[in-house]
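Q: Attaching a single structure in structure tokens format; questions to follow.
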Amino acid sequence: MLYLFGFDKVGVVVADLFFVDPDPIPGQESPERGVRLEVRLLEQGAVEGSIYAALPILIDRPIWRADLLESVDGPPGSFDRTHHHPHFVGWEPGTRAFVEELSQDPFGWVGKALENLEALVLAAELPLSAIGEDDPRLVGAAVPEIVDSMKKIMDRIHVGELGLAPADGNLTSVRSSWL
């Protein structure tokens, strides 16, 4: 499942995730699942055709990522693998950044982070001109709706509807998600 919240030059995308790291951190060898949120640059393409034609939308490079993950073999709500990636190099995320407050109140912590979009952009070493002038205000105003979408996806993961392992049972290296 994928949610997209589009603003001027920024999009916030939220999806379920099932993940098996091929090179895990010691102690995190088991599969994990949860909600991934990314702040991305967003671009609206030119109209191709009549005024009624659908517009192309490019969900472009990531600025910031939050992974509200739990080990599959642990209890729902543990958030024992929850982390964020404050920096990307192109499309590649930096090292997982574990923050105690993020694991204790993941939805609240992510909401507060989104309310300070400028700080996320600067931490990603992008100029503030990369985002629209109104994007910080617009994203901030949408935080309750964005967080609600994250909670809905997590609820569906906990009842076994989303964040599922691949049907073929191959758990060597897996990323099953839109993101």
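Q: Could you please find all residues in region 105-155 being in a helix (DSSP H, G or I), touching a residue at least 60 places away in the same chain (Cβ under 8 Å), more than 15 Å from the chain's Cα centre (by Cα) and surrounded by 20 or more Cβ atoms within 10 Å (Cβ to Cβ)?
A: ASP135
Q: Looking at region 92-122, which of its residues are touching a strand residue (DSSP E or B) at 6+ places or on another chain (Cβ under 7 Å) and over 30 Å from PRO76 (Cα atoms)?
A: VAL121
Q: Only one residue in ASP60, ASP21, ASP73 is more than 21 Å from ASN170 (Cα to Cα) and of a type in the set (Asp, Glu). Which one? Lay out the reasoning, then the answer.
A: Values: ASP21 fails: more than 21 Å from ASN170 (Cα to Cα); ASP73 fails: more than 21 Å from ASN170 (Cα to Cα).
Checking each option against the conditions leaves just ASP60.
Q: Tally the residues that are in contact with a strand residue (DSSP E or B) (Cβ under 7 Å, 6 or more places away or on another chain), farther than 29 Å from LEU171 by Cα and of a type in the set (D, E, K, R), restricting the search to region 24-57. Steps first, answer last, please.
A: Looking only at region 24-57, we keep the residues that are in contact with a strand residue (DSSP E or B) (Cβ under 7 Å, 6 or more places away or on another chain), and these are 30-45, 55, 57.
Those still in the list that are farther than 29 Å from LEU171 by Cα too: 41-45, 55, 57.
Narrowing the set further to residues that are of a type in the set (D, E, K, R) leaves 43.
Counting residues in region 24-57 that are in contact with a strand residue (DSSP E or B) (Cβ under 7 Å, 6 or more places away or on another chain), farther than 29 Å from LEU171 by Cα and of a type in the set (D, E, K, R) gives 1.
Q: Within the bounds of region 60-78, is there any residue that is in contact with a His (Cβ under 8 Å, 6 or more places away or on another chain), modelled with pLDDT under 95 and either closer than 20 Å to PRO106 by Cβ or surrounded by fewer than 19 Cβ atoms within 10 Å (Cβ to Cβ) (or both)?
A: yes
Q: What are the residues in region 26-58 that are among the polar types (S, T, N, Q) and either surrounded by 13 or more Cβ atoms within 10 Å (Cβ to Cβ) or closer than 28 Å to VAL121 by Cα (or both), if any?
A: Within region 26-58, the first condition is being among the polar types (S, T, N, Q), and the residues that meet it are 28, 30, 44, 50.
Of everything in region 26-58, those that are among the polar types (S, T, N, Q) and either surrounded by 13 or more Cβ atoms within 10 Å (Cβ to Cβ) or closer than 28 Å to VAL121 by Cα (or both) turn out to be GLN28, SER30, GLN44.
The values are calculated or read from the model by the stated rules, or taken from the named source; none is laboratory data. Predicted model only: the values in this text are computed from it and were never measured. Here Cβ is always computed from backbone atoms with ideal geometry, including for glycine, and neighbour counts include all displayed protein chains.
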